[in-house]
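The next block holds one structure in the form of structure tokens; read it before the comments.
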Amino acid sequence: MACEVTFRLTAPGTTAGGEELLLRVVDVLDAEDGHTDADGSVVDLVGGDVAGAPGALVCSVTVGTDRLARAVEAGTDLAELLRARIPDLLDWQLDAVGAQRVDADADPGGEPDPTRATPAEHLPLELVELCSAHLVAGAVRGLYAPDPLRRHMVDPADLVAGAAEGAPWARTLPGVLGDLLLRAALLEREHGERVQQVGRGGGDPALAEALLAHVRAEADHPSTGYAEHNLRMRAHALVEEFTARHELSRRGEQEPEQLAAFLWAGLRALTALTSAVHADAPTPWALLDELVDDPVVAHFAERDRDYLDRVGVAVTGETAGAALAVLLVRVALVHPDLLDGPLPGADDPDVVGGPLHHVLFHVLLDLGADAVEAAALDGTDPVAAALRPVLRAVADADAEDLFDPYDDLHAALEDLLRTEAGDPGPARAVLRSLAEAAAFAGADRVAAWRADLVHDPREYACVLVDADDDEVDRRIRALLLAHACALDVAVATELAADLPELVGADPRDDPAIRTTALRWWKSLTELGAEAAGGPPADGPEPGSLATRDLVVGVVQAVAVVSAALGGDVAFEVFGA
């Protein structure tokens, strides 16, 4: 007897994994004829196969032992050997490893068996199901929060198309999806909050709605005949009944169109069922960890969370300053009357000399010398007087001479914003001058900037961190909303109306921001009840409002409650 050990290396976000890389992997494996255990004994390597795709590499190797533990150890060590020998794999991670016993009847030097399939089709069933579950969770993340760079997600269209074309996971995907649907419905029932299916994705929305109702009914009133704790068989019966009722096949290789219809319905339903946990489950493994009790899933989910926490620590300091800088400039542009009151962050040298400097640089460049000169006509504004010649030099310079005027503008702002801790004077003076220039620039220019600063805060505040750009912008906006609610109700309300999900042209943004607003509302009512020392008061639910009215109304309510209970309420509601 021998064991076939299969391991997978992945690198999310990379396009590496082509033929050249596979050949280098094969060369390394061919050069190894044995694995030495910790006790010094040698396990022979009999042969193996390699398969790859962008960002993923699966190796299946036959080893001369019938002990699964030794085979898994050999596979783990081989994966580390590949990472050490091939520089392109240095940052790749071992994603999965498994072993099964096989007959050692192959000659390592003989011809390959023509009946042998790809390594993926020789994986143990448990590992194929785990991979299928990861693919489903990734596709759900892709429906809930699409990312053009495909970080922490799987394109659901690719998953459905691959299964319909007979990919190795096609045989397990429907059953795994059914199991996750039932688990998610039970979890949703515990949370006590049900939402509609997402507007994203393909397939028939009516079929997805029917599946959603079918699964929820089973969660509320078990009717499959199996014991309530036997989730696997309940899910199996659930899928069998639904596919029979709607004439859908569960065997993708025979009925690809019907399989695709079921998968789309299942993915859309599962996205709705898991809406309450997405904020705490930003990766496929983390989402799976919310649904299943599996030590392997828990391990990879913890790995993902540790990575995101490390990134979060690096991002937190940068995003906090960026949010304050954007808020200060918005106040100057839209509510200059508030510049005489408290200005959060205006007395912090790190905020003023860093992100505020960069935001002011971009806005002043766009407003231009004419607006600043108009603000400086009465001769009483020393800030405008200092900026006017620098901006005029930028406007008059040839394209090849722009570097020096830009540097001069940075130097002028650095001098004007130089401050000591606790002194908001320099920042307040520059913001007042900006407000005057904005008044001369016109309402259209101001409207464009108030929107641009909310849409791309990371870019204008010059936030440079090793993290996903969209995630950084999302964190900045959450902090921006919280600071705005703590500052002024009108500022917060107008800021909410400028959120990119409300003014963009992509219809897929609507379900996500709507779900987020409902979560804010639930958090706000719970905090209010906690402050009052009792259960949440009965009152009208905002769910029937149009999305724009819902989002703006919830943010306005948060600002009002913050004024009464303190600014920390807003930070808790928005998770800032």
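The values are calculated or read from the model by the stated rules, or taken from the named source; none is laboratory data. These numbers were taken from a predicted model, which means no experiment stands behind them. Cβ atoms come from the backbone with ideal geometry, glycine included; neighbour counts cover every protein chain shown. Areas reflect the complete protein model, heavy atoms only, side chains present, ligands, DNA and RNA absent. Shrake-Rupley method; radii C 1.70, N 1.55, O 1.52, S 1.80 Å.
Beyond 23 Å, what share of the Cα-Cα pairs of the range 307-467 is found? Please give it as a whole percent. Mind showing how you got there, number by number?
Details: 4689 of 12880 pairs.
Summing the P(r) of the range 307-467 above 23 Å gives 36 percent of all pairs.
With a ≥ b ≥ c taken as the square roots of the eigenvalues of the C-alpha gyration tensor of the range 124-293, please select rounded if a/c is under 1.5 and otherwise prolate if a/b is larger than b/c or oblate if it is not?
rounded
Please give the FRET efficiency for Asp370 paired with Leu545, using the beta carbon to beta carbon distance and R0 = 56 Å, rounded to the nearest 0.05.
Numbers: r = 43 Å, r/R0 = 0.77.
Once the sixth-power term is evaluated, E becomes 0.85.
What does the extension gain come out to for Tyr406 and Arg189, with contour length at 0.36 nm per residue minus their alpha carbon separation?
Values: separation 217, 0.36 × 217 = 78.12 nm, distance 5.79 nm.
Extra length from Tyr406 to Arg189 when fully extended: 72.3 nm.
Quick one: 3J(HN,Hα) in Hz for the range 554-559, Karplus 6.51/-1.76/1.60 with θ = phi - 60°, rounded, Gly and Pro as x.
Working through the residues one at a time gives 5, 4, 4, 5, 4, 5 Hz.
Ignoring ligands, DNA and RNA, what percent of the 1.4 Å accessible area of the range 413-496 is carbon and sulfur?
Numbers: 1680 of 3620 Å².
Using a 1.4 Å probe with all protein chains present, the range 413-496 comes out at 46 percent carbon and sulfur.
Using the alpha-carbon centroid of each, what span in Å lies between the range 154-221 and the range 429-456?
46
Along the range 471-488, what does the Karplus equation 6.51 cos²θ - 1.76 cosθ + 1.60 (θ = phi - 60°) give for ³J(HN,Hα), rounded to whole Hz, x for Gly and Pro?
5, 4, 4, 5, 5, 4, 5, 4, 5, 4, 4, 5, 5, 5, 5, 6, 8, 6
With θ set to phi - 60° and the Karplus curve 6.51 cos²θ - 1.76 cosθ + 1.60, what are the ³J(HN,Hα) couplings of the range 211-217 in order, to the nearest whole Hz, using x for Gly and Pro?
After applying 6.51 cos²θ - 1.76 cosθ + 1.60, I find 5, 4, 5, 4, 6, 4, 5 Hz.
Could you do me a favour and compute the accessible area per residue for the range 307-467, 1.4 Å probe, result in Å²? Let's see the in-between values first.
Working: 7400 Å² over 161 residues.
So the range 307-467 comes to 46 Å² accessible per residue, rounded to a whole number.
Under 8 Å for C-alpha pairs, at least 6 residues apart: give me the relative contact order for the range 124-293, rounded to a whole percent.
Numbers: 249 pairs, mean separation 59.6, N = 170.
Over the range 124-293, the number comes to 35 percent.
Give, as a single signed number, the net charge of other residues whose beta carbon lies under 13 Å from the beta carbon of Pro295, with Lys and Arg counted +1 and Asp and Glu -1. Could the numbers behind the result be given before it?
Details: positive: Arg303; negative: Glu126, Asp289, Asp293, Asp294, Glu302.
Every neighbour counted, the sum reads -4.
Between Leu21 and Ser223, what length in nm is gained on full extension when 0.36 nm per residue of separation is reduced by their alpha carbon distance?
Numbers: separation 202, 0.36 × 202 = 72.72 nm, distance 5.15 nm.
My answer for the length gained is 67.6 nm.
Along Cα→Cβ, 7 Å out, is where each label goes; now give me the distance between the ones at Leu94 and Ala448 in nm to one decimal.
Placing both labels 7 Å beyond Cα along the Cβ direction yields 5.5 nm.
Taking all protein chains in place and a 1.4 Å probe, what share, in percent, of the accessible surface of the range 124-293 do carbon and sulfur account for?
Of all accessible area on the range 124-293, carbon and sulfur atoms account for 49 percent.
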